[in-house]
Structures are given as C-alpha cells and as structure tokens.
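Please treat every number below as a calculation from the coordinates, not as lab data. Model, not experiment: these values are computed from the prediction. Cβ: placed from backbone, ideal geometry, glycine included. Neighbour counts: every protein chain shown.
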Amino acid sequence: MGILHQLWRTMSTLLIPVIHERLLQLLIAFLQIKNIYGRKRKEIYKEAGIIDLVDRLLKKRPIVFYCSSDNYVLREDQIDGCGGFEHIGHSHGSTKLSIKEYMSYDEIKLAALVGVSSKSHFINDGSRCNRGNPGIPGTFQPSGVIIGLVGARFEKPGYMEWQDCLVTNEQNKAEHGYGPVIPEKYLLVREWGKLWGENYLPTWEEVQDSSKEGFTQITSKILLNNKIYKSRIQMSAEILLAEARTRAEEASMKAYIHIVGLGLGVWQVDSAQSQLFVEAWGDAIIAQKDTSSIGHIDFSYIHVDQCHSVSNGETFPNTDITIHFSKRSLHDPVPEGNLLIVSYAWDGNSMPGNEYWRGELSSSGDPSAACSSGVAELHNALINTHVTASNLHIATASGVTHVGEYARNFLQKHSEDAAG
C-alpha cells in the first residue's frame with residue numbers, strides 16, 4: 001500500500017489544468033461583461049480575476065452531469081435530479097442550484113475549453129466495456145499520459161457550442177447579438193465570435209443571402225458553420241499537441257497520440273462533423289512550431305480515412321508524424337520508444353468519470369477511461385488538491401508553460417517591444 005500511495009502522490013503532483021492562450025482574452029472579457037449585468041453575478045465576479053474564474057470552472061461542478069435533460073448528481077449529499085442549470089445566475093434560479101456553488105451555462109461553455117492532464121497507470125486496454133477488470137500484462141500499455149478534453153455539445157438546443165457553430169432562424173437574430181451591430185446586453189456573443197477568428201457571428205439572413213459556402217445543411221432550419229466548428233475543435237487539438245510535445249520532451253521519447261472523437265457520439269448533430277474534426281486536427285498540426293517530438297497521431301473509431309489528404313500509415317506533410325486511422329483501444333500497446341498520450345471525452349460540467357459515479361461503467365468514454373486509469377481520482381478537484389487554477393498551464397504553439405511564467409514572458413516581450 002505504501003508504494004501505491006507514493007505512486008499516486010507522485011502522479012497527482014504532476015497533474016496540470018491547461019487552457020489555450022487564446023482563451024485568456026475571452027476570460028478577461030467575460031469577467032468585465034458579467035460585472036456589468038446581474039446582481040447575483042456581480043457578487044461572484046466583482047473581485048475575481050482569471051485564476052479565480054478558472055478555479056470555478058474546475059471546481060463548481062456536480063459530480064455527474066449528462067443527457068439533454070441535464071441529469072445530475074450534486075456534490076452536497078449526492079442529491080440527484082435533472083434540469084435547472086439554465087436558470088443559474090438568474091433571479092428565478094433554484095436554491096439548490098445556486099451560482100455560488102454551481103456554474104451557469106455561460107461558464108460551462110468556458111469550462112468545456114479547459115483540459116486536465118496527468119501521468120497515470122493503466123490497468124487494462126481501456127476498451128469501452130473494460131469495466132475496471134484487470135487486463136493481462138503485455139496486452140496493454142501499463143502507463144502514459146491521459147488528458148481530459150471536451151468536444152462540441154449539440155445535444156441541448158440553444159446552449160454551449162450550438163450558440164456559435166449552428167445557425168438557425170430562431171437563434172441568429174440581430175436582437176440576440178448576432179450580426180455586426182450588437183446590443184450591449186449581448187456583447188459576450190461578439191467575444192465568442194472573436195475567439196473563433198470572426199468579428200461577429202452571422203445572422204440567419206446574412207447566411208441565407210450568401211452562397212452558403214462553408215456551411216453544412218443539417219435541416220431546412222439548421223446550418224453548421226464549418227469554420228467555427230473547426231476552430232472550436234482546433235483549439236482542443238492544439239492544447240493536446242502542446243501538452244504531448246512537452247511531456248514527450250521531458251521523457252526523451254516520441255509521443256504516440258491517441259485521439260478519440262470528442263463530441264462525435266450522442267452530442268453530434270451531423271455525420272459531416274467527423275471529416276471536419278479530422279481536418280481541424282490537420283490545421284492544428286500545421287500551426288505547431290515544432291513537431292519533432294511527435295511520432296504518431298492515431299484517430300481511433302473516427303469514421304474517415306484521410307486527414308489533409310494523408311491516408312492511414314502515411315506521413316503528414318513537412319513533419320515526421322505518421323497518421324493512423326484505427327480501431328485501437330485507449331491503452332493498446334505502442335511501439336518501443338514512444339510515450340502513449342491519450343485523450344478521453346470529458347464533460348464541461350462533471351467530475352472526471354461522470355456516469356462512473358452512478359455505476360454506469362460503460363455508458364460512454366468518460367466512465368470507461370475512469371475504469372481503466374486513475375482519472376476519477378487524479379483529475380478530480382474534490383480529491384486532488386493539484387486540480388486548482390494556481391497550477392494552471394497555458395498551451396501555445398511552442399508547448400505548455402505555467403501561467404506565472406507565461407505572464408512574465410508576456411510582460412517581458414511587451415516591455416521589449418515598447419522599448420523599441
């Protein structure tokens with residue numbers, strides 16, 4: 001027990017929460033806007049900075065949160081129920097779902113862009129139905145790095161990525177903050193557009209008057225904005241690539257990155273997302289300054305056969321990265337000299353494992369990862385004190401660095417630029 005305890009302590013201290021550097025500007029804007037509107041929100045945000053906000057995103061979650069009806073199990077007394085998160089932060093919100101203890105949907109949308117990464121031992125191959133049964137040694141990789149990331153959730157109309165990536169007549173109206181002229185009440189809509197590289201998010205009429213190039217027709221009343229969706233996925237991809245690079249360099253190994261289809265299950269709104277998802281990954285690879293520490297990228301159970309015209313077993317242009325399209329399990333063995341780095345599909349509003357805490361061990365990739373690794377404890381803010389924003393790291397094209405060092409480098413660069 002002493003050895004196991006020491007291993008857990010070592011891995012828990014090597015855990016990091018991580019966000020993309022581009023998210024920082026949105027976090028600042030979020031705090032500024034939320035301090036203008038709403039008495040309850042002001043009580044939470046009036047003296048908050050970025051670190052305080054990210055700490056909320058990590059900790060103010062129910063234990064379990066899933067399904068379009070928002071089924072939940074709360075931290076306090078494991079109370080369960082469904083719905084009500086839409087009202088958090090509003091005057092008609094419930095007392096058990098208070099903004100002091102739980103995130104509003106605006107915050108959950110931010111939390112979906114936060115990853116948590118650590119080393120972990122694995123006890124089996126991590127297949128969907130592993131249910132925590134020990135595997136036969138030699139049939140799976142015994143350890144590696146595991147990072148929880150969140151895909152685009154289109155399961156609940158009008159919330160989360162639906163607001164940015166989908167275009168509907170009901171939602172995308174000027175009075176709701178879409179289009180170039182934005183009501184002051186909806187300034188946050190513009191800030192989300194800026195995060196995805198746009199000056200604003202389009203209205204339904206604007207898209208109807210265009211050629212609709214760059215949009216996927218979901219139904220007669222719903223369009224998928226391909227560019228925005230790809231930007232959303234690329235942000236998560238760049239976090240994983242930066243973390244993989246840093247971890248592989250520290251281990252003097254090559255990274256073997258196992259990619260799961262984040263948001264390509266019950267959250268998916270159209271099958272076209274799979275190809276867009278993989279293309280976004282290709283864009284993320286191109287955006288990296290150095291990929292020499294990455295040996296393999298494996299798209300597992302994602303039903304496409306090319307990434308930027310690169311097929312299974314081929315090398316991505318201008319890199320030494322071999323691209324794979326496979327049906328490998330999460331912790332299947334990797335070639336000698338490679339560090340296995342796996343992503344698993346987390347949720348923006350649950351503790352790691354999610355349905356795992358209700359005994360639903362094979363209902364999704366989240367509980368499956370919890371059954372085969374240490375994420376249910378290592379990545380859990382209720383258990384591991386290192387899951388805190390004071391330990392926040394920032395992902396850039398050059399790798400991952402602690403937020404304090406990132407801030408010092410940022411200030412030094414701007415000071416040098418000002419000096420001329």
If Lys and Arg each add +1 and Asp and Glu each add -1, what is the summed charge of the other residues whose beta carbon sits under 14 Å from the beta carbon of residue 196? +1
For the chain, give the share of DSSP beta bridges that are antiparallel, in percent and rounded to the nearest 5; count only bridges with both residues there. 55
Going by how many other beta carbons lie within 10 Å of each one, how would you line up 129, 165, 67, fewest first? 129, 67, 165
Whole-Hz Karplus ³J(HN,Hα) for region 401-406, in order, using 6.51 cos²θ - 1.76 cosθ + 1.60 and θ = phi - 60°, x for Gly and Pro? 9, 4, 4, x, 5, 4
Simple spin-label model, 7 Å along Cα-to-Cβ: residue 9 to residue 292 in nm? 3.8
Taking the mean number of other Cβ atoms within 10 Å as a proxy for protection, how do you rank 145-156, 39-50 from highest to lowest? 145-156, 39-50
Per-residue HN-Hα couplings for region 355-362, Karplus 6.51 cos²θ - 1.76 cosθ + 1.60 at θ = phi - 60°, whole Hz, x for Gly and Pro? 4, 3, 6, 10, x, 8, 7, 10
I need the peptides 111-119, 205-213, 79-87 ranked by packing, meaning the mean over residues of other C-beta atoms within 10 angstrom, with the highest value on top. 111-119, 79-87, 205-213
Taking every other residue with Cβ under 15 Å from the Cβ of residue 138 and scoring Lys and Arg +1, Asp and Glu -1, one gets -3
Taking Cα pairs under 8 Å and at least six residues apart, what relative contact order does the chain come out at, in percent? 23
Beyond a 29 Å Cα-Cα separation, which of these cross-linked pairs lie in this structure: 60/119; 46/221; 212/289; 59/221? 46/221; 212/289; 59/221
Would you work out the relative contact order for region 1-110, in percent, from Cα pairs under 8 angstrom that are 6 or more residues apart? 18
Charge context of residue 370, other residues only, Cβ under 10 angstrom, K/R +1, D/E -1: -3
